[in-house]
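Visitor: The structure is given below, and queries will be raised subsequently.
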Amino acid sequence: MPAQVVARKAGFTLVELLVVVAILSAVALASFGMVTENRARVRIDDTRNRLAILRRAIVGPESPVYGGEMRLAGYVADNGRLPGSLAELLSSTNHMPQGGVKARFSGSDGVCTVPSTAGTEVDHVAARVLKGHRGNYLAGVVHNGEFRDGWGNVGWGWDTTNVPTGVALGITSFGADNATGITSVPGDPATEAEVDIAEAEADQTMSIGDADWWVPLDGWSVTLRNAGDEDLGTVDFGGDLKGLGLALLVFENVNGGQWRQYRSDLNSCSSANGGEDKDALASGGNCVLGFTSTASCGSRVPLGRHVLVLTIKNATDNTVLAGGALGTTVKQVDFFPGAHPPNLVWAFKK
């Protein structure tokens, strides 16, 4: 009788199973490390991107060119100052509403701040500029009314410094640990994992300094050109009125709205004539008026669109009046960040 052959079932031994489990564990551990590292990198990059968004919301884009045209944007261009807090960027209330604001200036020398309800209203359509808070400057990137850092830390995750001074602004994310500095100090020599942790915990900072939103006014000049057919002298200004000047009016959204004014030197324009009538500006003649630093007003203005007014000084009581007798005497001028204002040639005629 032939012997029976018993077939053995195929399978894994216990040793083989242990080897497979060890391999899978090693692969899973490596994959988890890679995913964790990638998630940390994403959060770091997201935080840096959000800092850039905050910067654009405050001072506008670094290259404010759209379709070949220079344009102004951002909180500073609208309000003439830095925000007092990051919450102001999200608020659509408690600020002067967007609208055409009419410029005002003071007729007294040395007065640099003019409330919106006082002073002399500049009566010309070009004196009306679009100013004031325009609502949420972070629209489209806010979640549940908050704009957090890439780690989603409580309290937005941001720390702001130097806000009360109104001169410079620093914004910092505390990173993965939501604490100043690095709590997990890398060893020496540091492992790759320790470096990754330290980088994730590191603070990310963006700062806005003077040069980012102030424009130097010292040395800026405007050339007045008599484009009319007749000379302009004291008789044209009304007897005692003489001496041409300029006032640059800058809107500042504080105390319900006010104007800061910067005065040029006063010039009789006699150098443009050379004749005996030293207060006249001859037909086709030029007169250069410049701005210099003063102790009361300074020599810097915020970026944005401002109002330039031609003024005439009254020789009797030393007051300065808007030069309405010369026709169009108001002009809008744009000051861009990181650039000196270009010297202007302003042609006018009676």
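Where a number appears in this text, it was derived from the coordinates with a stated rule and is not lab data. Being a predicted model, the structure only gives us computed values, none of them experimental. A quick note on method: Cβ atoms are made from the backbone with ideal geometry, for glycine too, and the neighbour counts reach across all protein chains shown.
Visitor: Would you tally the net charge around P61, using a Cβ to Cβ cut-off of less than 11 Å, leaving P61 out, and scoring K and R as +1, D and E as -1?
Guide: Its environment carries a net charge of +2.
Visitor: Based only on other Cβ atoms within 10 Å, what is the fewest-to-most ordering of K131, K313, K349? Kindly include the intermediate steps, with their values, before the conclusion.
Guide: Details: K131 26, K313 23, K349 14.
In increasing order of surrounding Cβ atoms, one gets K349, K313, K131.
Visitor: What is the fewest-to-most order of F105, F147 by other Cβ atoms lying within 10 Å of their Cβ? Walk me through the intermediate numbers first.
Guide: Details: F105 26, F147 22.
Fewest to most other Cβ atoms nearby, the residues stand as F147, F105.
Visitor: Let me ask something else. What length, rounded to one decimal in nm, is gained on full extension from T13 through to V42, with 0.36 nm per residue of separation minus their alpha-carbon distance?
Guide: 6.1 nm
Visitor: Now a separate question. In what sequence do D109, D45 fall when counting other Cβ within 10 Å, fewest first?
Guide: Listing D109, D45 from fewest to most nearby Cβ atoms yields D45, D109.
Visitor: What is the sum of charges, Lys and Arg at +1 and Asp and Glu at -1, for the other residues whose Cβ falls under 9 Å from the Cβ of F291?
Guide: Spelling it out: positives minus negatives among the neighbours equals -1.
Visitor: A further question on this structure: For segment 138-144, what does the Karplus curve 6.51 cos²θ - 1.76 cosθ + 1.60, with θ = phi - 60°, yield as ³J(HN,Hα) per residue in whole Hz, taken in order and with x for Gly and Pro?
Guide: Computed from phi, the couplings for segment 138-144 are 10, 4, x, 10, 9, 10, 6 Hz.
Visitor: How long are the semi-axes of the equivalent ellipsoid of segment 124-226, taking √(5λ) for every eigenvalue λ of the Cα gyration tensor, in whole Å from largest down?
Guide: Working: eigenvalues 359, 83, 24 Å².
The equivalent ellipsoid of segment 124-226 has semi-axes of 42, 20, 11 Å.
Visitor: So, in nm, how far is label S63 from label R128 when the simple model puts each one 7 Å beyond its Cα toward the Cβ?
Guide: 3.6 nm
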